[in-house]
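Below is one structure, written out as structure tokens; comments come after it.
The values are calculated or read from the model by the stated rules, or taken from the named source; none is laboratory data. Remember, it's a predicted structure, so these values are computed and weren't measured experimentally. Backbone-built Cβ (ideal geometry, glycine too); neighbour counts: all protein chains shown. Remember, those area values only see protein heavy atoms, side chains included, never the ligands or the DNA or RNA. Shrake-Rupley method; radii C 1.70, N 1.55, O 1.52, S 1.80 Å.
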Amino acid sequence: MKNKFFTQQICACTQICGLLARMGDKMNYKIGTRGSKLALAQAQLVRTRLQEAYPEDTFELSVIKTKGDRLKDIPLGKIGDKGIFVTEIEQQILNNQVQLGVHSMKDMPSRPAAGLVFAKAWKREDARDVLILRKEKSLWELPKGAVIGTGSRRRAFQLLAMRKDLKIVDIRGNVDTRLKKMQEQKLDGIVLAAAGLKRLGMEQLITQYLEIDEMVPAPAQGILALEIQSSNERLLSMLNALADEETEREAIAEREFLKEMGGGCHAPAGAFCEKDKGGELRLRAIYGDESGSWLKRVSVTGKEPKALARQAAEQISKERKGNL
């Protein structure tokens, strides 16, 4: 009987040691990304950080073409601005062709596809929008009727709230394409995200930063979305170990606001959350109708991200009903 007990113990130890050995096995992870310069730069940032943190594993990039890449000449508002840059990458994660998808969180639907999960957010890059102008040095120096290019209703309507005389034209494409179009079409300027320009090392092109009170960014702008299979516990723990808790709380508040307001609709929506001087969270948000005739701004403070999002959404919803 005693020998049987010891035999069972030895078998159990052998199983545990085998499991630990398998967990310690060297892994090769493929990182799915779009092929634009910015997408590749963002994926490379993730790859480099993972390689430095986990030198026992290897990480490689896999370029995947998405619907948004194929439909370059159609305005985002006509084809849907959520999910068009991610669906093909998500499918490859589900098929285990790649193990990790790197996206811009602002491009992501309110929820990941079934079977997938987002890791906690890593530290955010600059969330502000910026102007790149051909000649003038600021928005206020632009001549009356100046032409600004952007494919975002959120950006367009907030620009018009500051300068009603501006002419806004739709413009799409990666950063290089937009810069080229600005010169070819003789646009006075374009609006881009500071985060993308900084990740590309093109910060010197920025003419003017638009502060949060002037232009509320897209929810989760400047935050990367790291998406994996929900069953991949090893990789999830690796990614979460590198997370930034403050950025994670901001992302929750901003994306929850978007979800409360309807998520994938084409109406302009913006949200930015940050810790205030008193240590509480402050959420600034905007929401408007598709025509831009009505645009509401709110600012709420509190401690719990989801409660803040609901509070901001409720305030906007009440006023929206009053304007119908």
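Whole-Hz Karplus values for the stretch 305-310 come out as x, 5, 5, 4, 4, 5 Hz, taken residue by residue from phi with 6.51 cos²θ - 1.76 cosθ + 1.60 and θ = phi - 60°; glycine and proline positions read x. A 1.4 Å probe run over the stretch 135-247, with the rest of the protein chains in place, finds 43 Å² accessible per residue. Remark: the stretch 116-243 carries a charge dipole of roughly 280 debye about the Cα centre, counting +1 on each Lys and Arg Cβ and -1 on each Asp and Glu Cβ.
For PHE59, nonlocal amide neighbours, meaning residues 5 or more places apart or on other chains whose placed amide H falls under 5 Å from its own, are TYR29. Straight-line cross-link partners of LYS26 among the aspartates and glutamates, defined as a Cα under 12 Å from its Cα and at least 8 positions apart when in the same chain: GLU56, ASP57. When restricted to Cα atoms, the stretch 220-296 yields an Rg and a Dmax of 15.4, 49 Å, respectively. Annotation: amide H of ALA225 within the under-5 Å range of HIS103, SER104, MET105, sequence separation 5 or more or interchain, hydrogens built in the peptide plane.
Phi angles of the stretch 177-191 translate, via the Karplus equation with coefficients 6.51, -1.76, 1.60 and θ = phi - 60°, into HN-Hα couplings of 4, 5, 4, 5, 5, 4, 6, 5, 8, 6, 5, 6, x, 9, 10 Hz per residue; Gly and Pro are given as x. Each residue of the stretch 104-118 was assigned a 3J(HN,Hα) from its phi angle through the Karplus expression (A = 6.51, B = -1.76, C = 1.60, θ = phi - 60°), giving 7, 4, 5, 8, 8, x, 4, 10, x, 5, 4, x, 10, 8, 8 Hz with x at Gly and Pro.
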